[in-house]
Amino acid sequence: MELKEAETPLPVRTAIFPVAGLGTRFLPATKATPKELLPVLDRPLIQFAIDEARMAGIERMIFVSHPAKSAIERYVTHDADLDAQLCAKGKTELARGLAADALDPGEIDVRFVMQDQPLGLGHAVLCAADDVLPGPVAVILPDDLILGETGCLSEMIAAYGRGGAGHMVATMQVDAEAVKSYGILSVTGRDERVLWADGMVEKPEPSDAPSRQAVVGRYILDGSIFEDLRDQKPGTGGEIQLTDAISRATPRVGLSGFRFSGQRYDCGSKEGMLRAILAYANSMSDFRDVIDDHNRSLLAAE
Ligand code: G1P
């Protein structure tokens, strides 16, 4: 495929985190704790998403949350009382770690907007429309944890705008049966880690899927997405689908897929969460020993 001379794209300054979902798949754990605060060993899921956005140079983070999930706001904000208590007890190292994780208003502009009704991912993104900075915006779904050397969003920003595509989604190849759980790209060509597409379909049946390239929860979207979402009709599941708005805009805005280098874990499922915890623990020497020990004792018991 002939590549258009890429214009230097505007910087990606805003990240939107849709976190209003009720997390029913993790009940009863999520009855009183938002699923984004469930720990991957010792770090809440949302912290990984925040760190990824911060590493990518994001200036404004917009959390699209739900009134019942105020614990998220408490979590991301620096807690001066807790800090003072820890320091008084000589736990300065711990206090320093918490301060580093929390979002410092001098560094990142943090906003919370509410999505009262579960009207879909497209609707969640639209809820952030009045708060975004000019230029393209990133969307990060914290359920999709991507572990790797370089943050997925940083990789995408480095590749964004190639071939003139204004919308970019992170993609990975999935099994034929799995296509019905994802947005699926209609691929027209590829160039190293970038795929070119002429549209995408939300959760198709395997027989109707245009490819097996599934969208995972990282997007860089042209600022025009909000106009497109405003008049987007409900799609799959009766919800306003982000996939549909992206696809409709493709002839005008362009669409690419990005094959990231990290390993993705579907932390919206118990299996994926368990795998993420094991992988994360395995990356730290203290816990690797625990896993090895556990595996050895299982083998010995056979
Ligand atoms: C959402 C998107 C879907 C995407 C998926 C990635 O679906 O609608 O296109 O492939 O996230 O995790 P959900 O998993 O919220 O149903």
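The values are calculated or read from the model by the stated rules, or taken from the named source; none is laboratory data. All values derive from a computational prediction rather than experimental measurement. Using ideal geometry, Cβ is built from the backbone for each residue, glycine included, and neighbour counts are taken over all protein chains shown.
Condition first: within 15 Å of the ligand (Cβ to nearest atom), in contact (Cβ under 8 Å) with a residue 12 or more places away in the chain and of a type in the set (Ser, Thr, Tyr). Can you find one or more residues in the range 283-301 that meet it? No; the residues of the range 283-301 include none that is within 15 Å of the ligand (Cβ to nearest atom), in contact (Cβ under 8 Å) with a residue 12 or more places away in the chain and of a type in the set (Ser, Thr, Tyr). Kindly indicate whether residue 116 is out of contact with any helix residue (DSSP H, G or I) (no Cβ under 6 Å at 6 or more places or on another chain), surrounded by 13 or more Cβ atoms within 10 Å (Cβ to Cβ) and closer than 18 Å to residue 62 by Cβ. In short, no. Residue 219: hydroxyl-bearing (Ser, Thr, Tyr), within 25 Å of residue 45 (Cβ to Cβ) and in contact with a helix residue (DSSP H, G or I) (Cβ under 8 Å, 6 or more places away or on another chain), yes or no? Against the criterion (hydroxyl-bearing (Ser, Thr, Tyr), within 25 Å of residue 45 (Cβ to Cβ) and in contact with a helix residue (DSSP H, G or I) (Cβ under 8 Å, 6 or more places away or on another chain)), residue 219 qualifies. Considering 181, 207, 224, the condition of being out of contact with any strand residue (DSSP E or B) (no Cβ under 7 Å at 6 or more places or on another chain), within 13 Å of the ligand (Cβ to nearest atom) and either more than 15 Å from residue 258 (Cβ to Cβ) or at pLDDT below 95 (or both) is satisfied by 181 alone. Do we find that residue 167 is within 14 Å of residue 223 (Cα to Cα), in contact (Cβ under 8 Å) with a residue 12 or more places away in the chain and out of contact with any Cys (no Cβ under 6 Å at 6 or more places or on another chain) in this structure? Against the criterion (within 14 Å of residue 223 (Cα to Cα), in contact (Cβ under 8 Å) with a residue 12 or more places away in the chain and out of contact with any Cys (no Cβ under 6 Å at 6 or more places or on another chain)), residue 167 qualifies.
Across the range 112-147, what is the number of residues that are assigned to a loop (DSSP other than H, G, I, E, B), under 22 Å from residue 73 (Cα atoms) and in contact (Cβ under 8 Å) with a residue 12 or more places away in the chain? Of the residues in the range 112-147, 11 are assigned to a loop (DSSP other than H, G, I, E, B), under 22 Å from residue 73 (Cα atoms) and in contact (Cβ under 8 Å) with a residue 12 or more places away in the chain. Every condition in (1) under 24 Å from residue 272 (Cβ atoms); (2) touching a strand residue (DSSP E or B) at 6+ places or on another chain (Cβ under 9 Å) holds for residue 110 except the one numbered (1). Residues in the range 72-94 that are hydrophobic (A, V, I, L, M, F, W, C) and either exposed (fewer than 13 other Cβ atoms within 10 Å of the Cβ) or under 24 Å from residue 48 (Cα atoms) (or both): 72, 76, 80, 82, 84, 86, 88, 94. Filtering 150, 188 for residues that are of a type outside the set (Lys, Arg), part of a loop (DSSP other than H, G, I, E, B) and away from the ligand (no atom under 15 Å from the Cβ) leaves a single hit, 150. Among the residues making up the range 228-270, those that are part of a helix (DSSP H, G or I) and surrounded by fewer than 15 Cβ atoms within 10 Å (Cβ to Cβ) are 230, 237, 238, 251, 252, 270. Out of curiosity, is residue 222 without any contact (Cβ under 8 Å) to a residue 40 or more places away in the chain and crowded, with 20+ Cβ neighbours inside 10 Å? No: the conditions fail for residue 222. Do the conditions hold for residue 53, that is, is it more than 15 Å from the ligand (Cβ to nearest atom), under 15 Å from the mean Cα position of the chain (by Cα) and either over 23 Å from residue 153 (Cα atoms) or not in a loop (DSSP other than H, G, I, E, B) (or both)? When the stated conditions are applied, residue 53 passes them. The residues in the range 198-241 that are among the aliphatic types (A, V, I, L, M) and under 19 Å from residue 178 (Cα atoms) can be counted, and the count is 6.
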